[in-house]
Structures are given as C-alpha cells and as structure tokens.
Amino acid sequence: MSVVHCGDPTIFFTWNVTYGTLSPLGVPQQVILINGQFPGPNINSTTNNNVIVNVFNNLDEPFLITWVGVQQRKNSWQDGVLGTMCPIPPGTNYTYKFQVKDQIGSFMYYPVTAMHRAAGGFGGLRINSRNLIPVPYAAPEDDYTVMIGDWYSKSHSQLKKFLDSGRAMARPDGVLINGKSAKGDGKDEPLFTMKAGKTYKYRICNVGLKNSLNFRIQGHQMKLVETEGSHTVQNTYDSLDVHIGQCFAVLVTADKEPKDYYMVASTRFSKSVLTGKGIIRYENGKGPASPEVPKAPVGWAWSLNQFRSFRWNLTASAARPNPQGSYHYGKINITRTIKLINSASKADGKLRYAINGISHVDPETPLKLADYYGIREKVFKFDTMKVDPQSTPAEKITMEPNVLNITIKDFVEIIFENPEKSLQTWHLNGYSFFAVAVEPGKWTPEKRKNYNLLDALSRHTIQVFPKSWAAILLTFDNAGMWNLRSEQPERRYLGQQLYVGVENIKRSLRNEYNMPDTALVCGLVKGMPKPPPYST
C-alpha cells in the first residue's frame, strides 16, 4: 500500500546534495548545499499535501535527512533517522514520500548522519492552513523563513573527529541568520524587505548546534501567533528565546521610519556572547540601520518566565475545522510515568552522554527494520533502561541501543530531569506533546499540582533549564519506531537519545503502513526475504 493518498495534492522536489565552499564567518570552509543553496530550499506545503522529495547524495559519505516536527502518521518508514531508515549511500538517491497529515505550522529539516548538520543541509518546512480553515489573524503581506543558529568555522569532519576521539566540540565561532551575518559596513544586502504599513509573518527556527539564541528585531515588536504546530495566545514580545530545534511564527508590522533595521540573534547562557545580524529593509527607505542593537535579557529566569507566558489558543481552529481546545488532555488518566535523567560522563576514557545511564549506539541494522523482519533479538532488546519515577542519576554508563516499548494509545507522562549546569532541549519525532511544566529543582509527584492542564502548548520540543525539570503529556497513538533525542547534535551523536517502539501488535494497516517497496535495506536484513505485508 502506498503512503501517497489519492485525492490530496502532491508536491514534488528533486534535491542534489553536494559539497561547496562558502565563507559564512569570513573564512572559506566546506559546507553542504542542497541544489546549490545554503541554507537549503524552503518546503512550502499545505495541510494534507503529499510530499515527495527525491534526494541525490553527491557527498562522499552516507546521508539522511529528518523532517523535524512532521508527525509521519503511521509512517516511521520515512522519518529519516538511523533507527528507522538506512542512510542513502554516496552516489545514489532515495525518494521520501510522506503526507503532512492534519498539521499546520513552522518546522524544519536537517541531516542526522555523522555531524553533517554542522555543515548545512538544513532548511525551513512550513505547513500552511487549508483555505477552508480560518487562521486567527489577517493574512500577512508575505511569509518569511528565518534560520538562526550558532556556527563553527571548523568542518563537520573535524568536529566529528573531536567527538570520536573523546573531546567536546568547544564553543562555536559565530552566529548566522540564513547562512550569513551582516558586517554593518553599509554594503550588506537585505535578507528581507517590508512595505511601510504592512504586516509580515516571520518563521524563526534555531537550527544551531550548541546555544539557545535570543532573537529580536531592532525597533519592532513581535506578536507570537504559532509555535511548532499550535496557534498561540497572541502575546507581544520585544525578544524571544529560541532554544535549539525550536520554531516560532510571529507577526511584525512595518510601522517605523522607512530605513534599514537589524534582526539580531545572540547566544544565551554562554560565557561570551556571540551575535549575528541581518538587514531588514523598508522599500524606498533611506538610511542605514542604527549601530546600537537592542540587548538580550540576562539569566535563565527570564527565559523560564517567557516559557510560562506561552499559551494555546483554545478558540482557533488548526488543521481540522474544530477548536484545538476540544481535546481536554488534562482530564485523561496517566497510564505510565517515565523519568529521564541526562548525564555527561566517560566510557573507556571518552566523553559520552547518556539517559538514565544508557548511552545510545545506533546498530548497523536500523531498529525498525530489525523489528519488522523478526530479528529483533539479534539487534536490540526492549526496556533495558530503568525509568522509575523515583530513579536517581546512574553512576555507570552502558553503551547499547536504548529502546522503550510503549503500548499503543497509552497516555504517558514523561519527566525530563537535568542535573547538569547546561540547558537541555529535547525533541520527540512522530508526535506533538503537551508541554505542561518547566520548573527549577527536582521533580516529585507533588509537582503535578503545578501542571498547566488547560492550555499548554502542543509542540514537539521542550527545554530543561540547569538543575531543573520539565514535564510533558501525550497519547502514544502513532505506531512505529520514534526517536526521542537531545537537539544538541554533539549530545545526540554521543548517545543522548533513545527510541520509542509503539508496536503495531495486530499488524494492521489501520495502525501502520507497510514498509515501502523502495525502502533501503542494510545490515542483517540485507538479502533477507521481505516479510508478508500487513493485512487490513
């Protein structure tokens, strides 16, 4: 059975992934281009579109792209992570086929192989609302994607060698906005233009490697309207903390003197502040941007309070023509509580990151394929990690595949506890979840009384501040193998991730699509006869 559904429009892309030489920070370096672009092309889709992306890997290494925030309903086969798919070998191509089913919002894509994300290969992915579904604001004059992120002048292969040798990546060298940073010498070309009096949508995503970033636009306020697939209560902000992997959509009105203005992204919670700038130009405006850029807030208490101000818009429709708030998640009984504690330690004298004492290792055979082909016992075991809510940080690190088994349709509470001094950001593929609490200290069952059980945002990322915890709630109703990971590529590469197996026990097409005929095979399943397909 094909995953491309009749009746819904299909959009096609052909992407050539190559190396190129650019100087994002003024020093020539190797970057990853998609169709010659850095960042890569923007995917502009609409709810329920079928998306077909034919990716030609012209690099000298295996390559794989994941579609961050796309829920891939019943279709973890196209999720683009090493636990579900074989990477695309050099000199070959693979065609992704998926549907952006019942979703709206601002998302992105990026590579998950090696440390390729440190070289590029990323871009924006927007899912527009269908015309028959109203959005809770007037149509903007234009819709812009802003990819912000810290950046290293060292190559992705150098950074990978550091990690493989047991070293950390150290601090980044700068901050980029859409692959550039304005010099402020009067010669900078604008990233975006605005007409006086008009309102524009900016979709801001942090695709960086190490740092949370504060984003602001000189002289202009931002009205938050959407976050990772949820319409929000429309509060206005002078600046936004955008943690790694997160996306926000804001409305900005061109109501100032017609001239140039800086958009600014600067690192947060770092010893030395790195800043990237880009020009916004008013049409027919006269005058350069003021050299005095607005300052970012200090400390993470400000950031925590900003998180608490984000609220779900319960009166707005989303991808379906019914109010989002009709799903009363706060009244559902919790089936299971899972507590996850991140840690940094050493294994065999080398730096590793872990969750509850297990540092994940990707086997040569993708977990999903091993399960589907019936050779799970040769590749991984379910539930080797302790997830008891009363658990404490493990002293010893074990390196192995880390896979949880969760019963389909269980309503689960996940607690992220961060005993470290650095901020953590987590992402779950295949789902959105309700981000009900982020607080300092350690979690206890009594903390549930502080949960937002009414209008917490439904999103796919959550940040956990130093010496703090965060709680999310979700129904695991999407069968497949799903990646839960640190959004910091260094930590993910060195083991701070796991997979959640939501089994299609009945082997029914009602729960999950069959493995695509075009799926790549590798590892132990290469050459094995394909299992019989799921029945209806």
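The values are calculated or read from the model by the stated rules, or taken from the named source; none is laboratory data. What you see is a predicted model, and the numbers here were worked out from it, not measured in a lab. Cβ atoms come from the backbone with ideal geometry, glycine included; neighbour counts cover every protein chain shown. Keep in mind that these areas ignore ligands, DNA and RNA; they rest on the heavy atoms of the full protein, side chains included. Shrake-Rupley method; radii C 1.70, N 1.55, O 1.52, S 1.80 Å.
So which of 26, 69 ends up being free of Cβ contacts under 8 Å to residues at least 12 places away in the same chain and either open to solvent by less than 40 Å² (accessible area, probe 1.4 Å) or on the phi > 0 side of the Ramachandran plot (or both)?
Going through 26, 69 in turn, just one is free of Cβ contacts under 8 Å to residues at least 12 places away in the same chain and either open to solvent by less than 40 Å² (accessible area, probe 1.4 Å) or on the phi > 0 side of the Ramachandran plot (or both): 26.
Conditions tested, residue by residue: (1) assigned by the TED database to the domain that holds residue 452; (2) of a type outside the set (Val, Ile, Thr); (3) farther than 23 Å from residue 88 by Cα; (4) touching a strand residue (DSSP E or B) at 6+ places or on another chain (Cβ under 7 Å).
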position: 338; (1), (2), (3), (4): yes, no, yes, yes
position: 348; (1), (2), (3), (4): yes, yes, yes, no
position: 367; (1), (2), (3), (4): yes, yes, no, yes
position: 375; (1), (2), (3), (4): yes, no, no, no
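Can you find a residue that is in a loop (DSSP other than H, G, I, E, B), surrounded by 18 or more Cβ atoms within 10 Å (Cβ to Cβ) and touching a Leu at 6+ places or on another chain (Cβ under 7 Å) anywhere in region 405-427?
Looking for residues that are in a loop (DSSP other than H, G, I, E, B), surrounded by 18 or more Cβ atoms within 10 Å (Cβ to Cβ) and touching a Leu at 6+ places or on another chain (Cβ under 7 Å), one finds none in region 405-427, hence no.
Going through region 428-471 one residue at a time, which ones are charged (D, E, K, R) and crowded, with 22+ Cβ neighbours inside 10 Å?
Hit for region 428-471 is 459, nothing else.
Take region 274-287 and flag every residue that is over 23 Å from the mean Cα position of the chain (by Cα), modelled with pLDDT of 95 or more and surrounded by fewer than 18 Cβ atoms within 10 Å (Cβ to Cβ).
Hit for region 274-287 is 283, nothing else.
Among the listed residues 196, 249, 168, identify the single one that is under 27 Å from residue 284 (Cα atoms) and open to solvent by 20 Å² or more (accessible area, probe 1.4 Å).
So the residue among 196, 249, 168 that is under 27 Å from residue 284 (Cα atoms) and open to solvent by 20 Å² or more (accessible area, probe 1.4 Å) is 196.
Conditions tested, residue by residue: (1) of a type in the set (A, V, I, L, M); (2) over 17 Å from residue 139 (Cβ atoms).
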residue	(1), (2)
194	yes, no
197	no, no
201	no, no
205	no, yes
220	no, yes
225	yes, no
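What residue, of 303, 272, is over 30 Å from residue 451 (Cα atoms), of a type in the set (Gly, Ala, Ser), in the same structural domain as residue 141 (by the TED database) and not in a strand (DSSP E or B)?
After applying the criteria, what remains is 272.
Restricting attention to region 473-491, report how many residues are assigned to a strand (DSSP E or B) and surrounded by fewer than 24 Cβ atoms within 10 Å (Cβ to Cβ).
The number of residues fulfilling the criteria is 5.
Could you look through region 326-383, keep only residues that are touching a helix residue (DSSP H, G or I) at 6+ places or on another chain (Cβ under 7 Å) and in a helix (DSSP H, G or I), and pick out the one that is surrounded by the fewest Cβ atoms within 10 Å (Cβ to Cβ)?
This residue is 378.
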